[in-house]
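A quick write-up on the structure given underneath.
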Number of protein chains: 2
Amino acid sequence: MTPTMARPGGRSAKVTAAVHRAVVDLLAAGEPLTVPQVAARAGVNATSVYRRWGDVAGLLADTALVRFGTSSAVPDTGSLRGDLLAWGAALVEEAGRPEELALLRAAVAAGPADPGAPERVESACSACLVGRSSQAETILATAQARGEQAPSPTRVLDHLVAPIYLRALFGLPAPAVEVLVDLLVDRLVDRLVDPATARATSSPRR
Amino acid sequence: MTPTMARPGGRSAKVTAAVHRAVVDLLAAGEPLTVPQVAARAGVNATSVYRRWGDVAGLLADTALVRFGTSSAVPDTGSLRGDLLAWGAALVEEAGRPEELALLRAAVAAGPADPGAPERVESACSACLVGRSSQAETILATAQARGEQAPSPTRVLDHLVAPIYLRALFGLPAPAVEVLVDLLVDRLVDRLVDPATARATSSPRR
DNA sequence: CGGCTAACGCAACACCGTTTGCGTTAAGCT
DNA sequence: AGCTTAACGCAAACGGTGTTGCGTTAGCCG
């Protein structure tokens with residue numbers, strides 16, 4: 001939709017940008033997201049939003065797509081451990097921002113694909129995840145090119161992305177998420193890079 | 001709300017049960033969840049639903065609360081590895097059922113606590129997670145009572161619950177979730193119980 | 001057994017999201 | 001520059017959600 005449009009002139013692009021910005025703004029404000037609200041804040045007519053995105057789910061899917069799908073640059077610190085640590089910290093920081101968190105929640109709520117939708121753009125949540133996955137693959141490929149032994153992308157997703165996202169999504173009680181983010185990420189990365197070292201530093205529960 | 005009601009007579013209980021059942025049924029059917037729909041399917045008047053639960057969010061929160069909050073029995077196979085494996089498999093199976101998955105999605109979408117809600121019952125998503133956490137603590141305490149070295153509940157939540165739930169929530173492309181669930185859980189549990197063995201079985205990426 | 005009251009059912013209403021038809025603007029192309 | 005048409009704005013009408021007031025049912029208690 002956004003990528004290949006029949007007439008990507010300045011007008012449609014302006015509308016798209018304004019609507020996307022309105023979506024994230026309303027999401028960050030915590031207000032209920034409705035098409036008329038978005039349209040009013042974007043300065044466009046609600047009819048245009050309905051025609052281009054159909055409903056709120058499609059609107060969220062597209063917004064999440066451009067927000068998470070665009071593979072931003074991954075850190076390059078010179079070592080796999082440093083890269084994963086910096087990347088994980090960035091994920092934690094990002095998942096903590098209200099807009100991204102709300103977008104993530106909305107993407108999850110929308111589900112992989114509504115049966116009613118014929119063949120819209122890729123679903124929002126899968127788009128978000130494949131974006132992260134490609135970033136992880138880039139980091140791992142770089143590490144492998146350096147000669148380092150790298151885990152599989154699946155392990156990174158399961159053991160690094162999953163805890164961070166789940167904690168953010170479920171709003172775990174403050175102490176874990178707020179105070180110990182650095183430590184958490186550090187310990188996760190340690191176990192990822194070299195599982196054997198985890199045994200030495202692991203505490204015997206409580 | 002459900003726990004301490006001023007008049008827990010048979011009528012209110014019937015209404016509560018019927019509404020809860022209607023919610024999970026509609027959720028499983030994938031149809032959009034609205035108060036009138038739920039009320040119609042439950043055979044009660046929509047007004048009653050509005051009065052007792054306020055809106056859809058409150059309804060979902062209460063439903064998720066009784067669905068996930070009730071700490072069901074945890075497996076007791078005689079070893080920590082066996083317990084975690086059985087428990088993880090049960091989690092995968094549960095997260096795969098349409099009703100539970102939809103309820104989980106809805107709970108995440110509702111967020112930890114809407115600012116508009118004064119002091120309703122505990123939020124749905126946190127309720128779900130603390131239920132799991134208490135189950136994990138039970139398993140770990142049992143293992144510790146046996147003399148086994150057990151990881152912290154946080155590690156179990158981060159490395160076992162988080163991957164399972166995230167994969168379910170984001171609807172990862174079929175192969176990972178559908179085919180290799182047993183293997184996945186098995187490998188996760190292996191790493192949890194004895195991280196050192198993970199190195200031997202880990203593949204060098206691709 | 002009889003009163004009290006919380007909880008429910010019913011009906012009418014107000015509000016908002018969504019759809020539809022038509023006129024207008026402006027991007028793309030020759 | 002002029003034509004074509006995709007995309008947008010406008011306004012009216014529709015349908016369903018959420019609200020309110022009142023009458024009724026049925027648990028709980030003296």
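The values are calculated or read from the model by the stated rules, or taken from the named source; none is laboratory data. Model, not experiment: these values are computed from the prediction. As a convention, Cβ positions derive from the backbone with ideal geometry for all residues, glycine included, and neighbour counts pool all protein chains shown.
Could you say which residue among A:T142, A:T154, A:T138 is farther than 19 Å from A:S79 by Cα, at pLDDT 80 or above and surrounded by fewer than 20 Cβ atoms within 10 Å (Cβ to Cβ)? Every option except A:T154 fails the conditions.
Looking at segment B:133-152, which of its residues are assigned to a helix (DSSP H, G or I) and more than 10 Å from every other protein chain (Cβ to nearest Cβ)? Lay out the reasoning, then the answer.
Step one: filter segment B:133-152 for residues assigned to a helix (DSSP H, G or I), giving B:133-146.
Correct list: B:S134, B:Q135, B:A136, B:T138, B:I139, B:T142, B:A145, B:R146.
Screening A:L85 with (1) outside any helix (DSSP H, G or I); (2) closer than 30 Å to A:R146 by Cβ; (3) out of contact with any Phe, Trp or Tyr (no Cβ under 6 Å at 6 or more places or on another chain); (4) not small (G, A, S) gives one miss only, at (1).
Residue by residue through segment B:27-74, note down the ones that are small (G, A, S), in contact (Cβ under 8 Å) with a residue 24 or more places away in the chain and within 11 Å of DNA strand C (Cβ to nearest atom). Across segment B:27-74, the qualifying residues are B:A42, B:G43, B:S48. Looking at segment B:27-43, can you tell me whether even one residue there is away from chain A (no Cβ under 14 Å) and away from DNA strand D (no atom under 16 Å from the Cβ)? Within segment B:27-43, not a single residue is away from chain A (no Cβ under 14 Å) and away from DNA strand D (no atom under 16 Å from the Cβ).
Every test in (1) of a type in the set (S, T, Y); (2) at pLDDT 85 or above; (3) surrounded by fewer than 19 Cβ atoms within 10 Å (Cβ to Cβ) is passed by B:S72 save one, and that test is (2).
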